[in-house]
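Structure first, commentary second.
Rule-based calculations on the coordinates, nothing more; no lab input. Bear in mind the structure is a predicted one, so any value in this text is a computation, not a measurement. Cβ sites come from the backbone with ideal geometry, for glycine too, and all protein chains shown count toward neighbours.
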Amino acid sequence: MLTAFDDLLARARALPRAGHRAVLGVAGSPGAGKSTLAAHLVRALNGDGEPWAAHVPMDGFHLADAELDRLGRQGRKGAPDTFDAAGYAALLRRLREETDETVYAPGFDRVLEQPLAGAIPVPPSARLVVTEGNYLLLDTGPWARVRSRLDEVWFCELDEPERVRRLVARHEEFGKSHREAVAWVLGTDQRNADLVAATRGRADLIVPRSALPPAPHAA
């Protein structure tokens with residue numbers, strides 16, 4: 001177990017080998033700090049020079065609300081079957097193999113709560129792609145294709161009271177009332193969190209709270 005952010009930084013920097021691009025996955029339950037860790041890693045690795053690392057969140061593969069409505073899944077938004085898992089796995093393959101030209105990945109607008117096509121450019125200079133999301137270690141359905149396309153997967157572990165506090169704060173920041181945020185976190189989000197926690201044992205590395213950068217709320 002690594003206990004300092006600098007240890008994580010050194011491990012991430014060592015992943016690309018022999019001129020090949022590496023893809024690092026950061027997994028964890030909702031609110032565990034995945035996005036914060038990924039953003040800090042990429043910022044530190046890039047410094048002020050040409051982009052050496054790129055951050056590609058899994059959240060860009062959320063199904064649009066219109067499709068969730070059609071499928072009757074809007075009330076479970078964030079569950080595994082509310083993402084285009086096959087599309088995400090296909091993008092990871094492209095990121096590993098297509099390194100001579102810019103590959104565009106979708107982003108996710110937290111205010112609109114909608115995916116944004118072609119929002120994240122991954123240039124040829126990127127030797128490491130850091131991708132983060134809840135279900136990187138899930139081994140069912142099309143999610144099972146994801147793990148083989150990642151060089152390593154790290155699992156962010158945060159004590160439950162702090163994880164819930166951060167998640168409630170995030171939902172409030174993006175428009176939910178406190179009551180709505182708590183209900184969503186203890187309902188839909190908690191079911192997803194329990195599913196993600198069961199995948200912990202498949203990770204290459206458990207990242208404890210002591211190694212996570214501080215954040216007012218987490219991914």
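I need the calculated FRET efficiency for the pair GLU162 and GLU98, taking r as the beta carbon distance and R₀ as 41 Å, to the nearest 0.05.
About 0.55, to the nearest 0.05.
Can you give the FRET efficiency for ALA4 and ARG110, using 1/(1 + (r/R0)^6), R0 = 22 Å, r = Cβ-Cβ distance, to the nearest 0.05? Please list the in-between numbers first.
Numbers: r = 29 Å, r/R0 = 1.32.
Calculated transfer efficiency: 0.15.
ASP109's amide H: which non-local residues (gap 5+, or another chain) put their own amide H closer than 5 Å, with H modeled 1.01 Å from N in plane and none for Pro or chain starts?
Under 5 Å from the amide H of ASP109: GLN114, LEU116.
When only DSSP loop residues count, what GluC sites (Glu not before Pro) in the range 88-121 have their Cβ near at most 10 other Cβ atoms within 10 Å?
Those that pass, being in a loop and sparsely packed, are GLU101.
What share of Cα pairs, in percent, lie more than 15 angstrom apart in the range 30-116?
67 percent
In a GNM of the chain with a 10 Å cut-off on Cα contacts, which of ARG202, ARG76, ARG17 has the highest mean-square fluctuation?
Among ARG202, ARG76, ARG17, the largest mean-square fluctuation in the Gaussian network model of the chain belongs to ARG17.
Measure nothing but the geometry: give the 0 to 90° angle between the long axis through the Cα atoms of 34-46 and the longest principal axis through the Cα atoms of the chain, rounded to 10°.
With both axes taken from Cα atoms, the answer is about 20 degrees.
Test of understanding: express the Cα radius of gyration of the chain as a ratio to 2.2 N^0.38 Å, with N the residue count.
0.97
Test of understanding: express the Cα radius of gyration of the range 113-199 as a ratio to 2.2 N^0.38 Å, with N the residue count.
1.32
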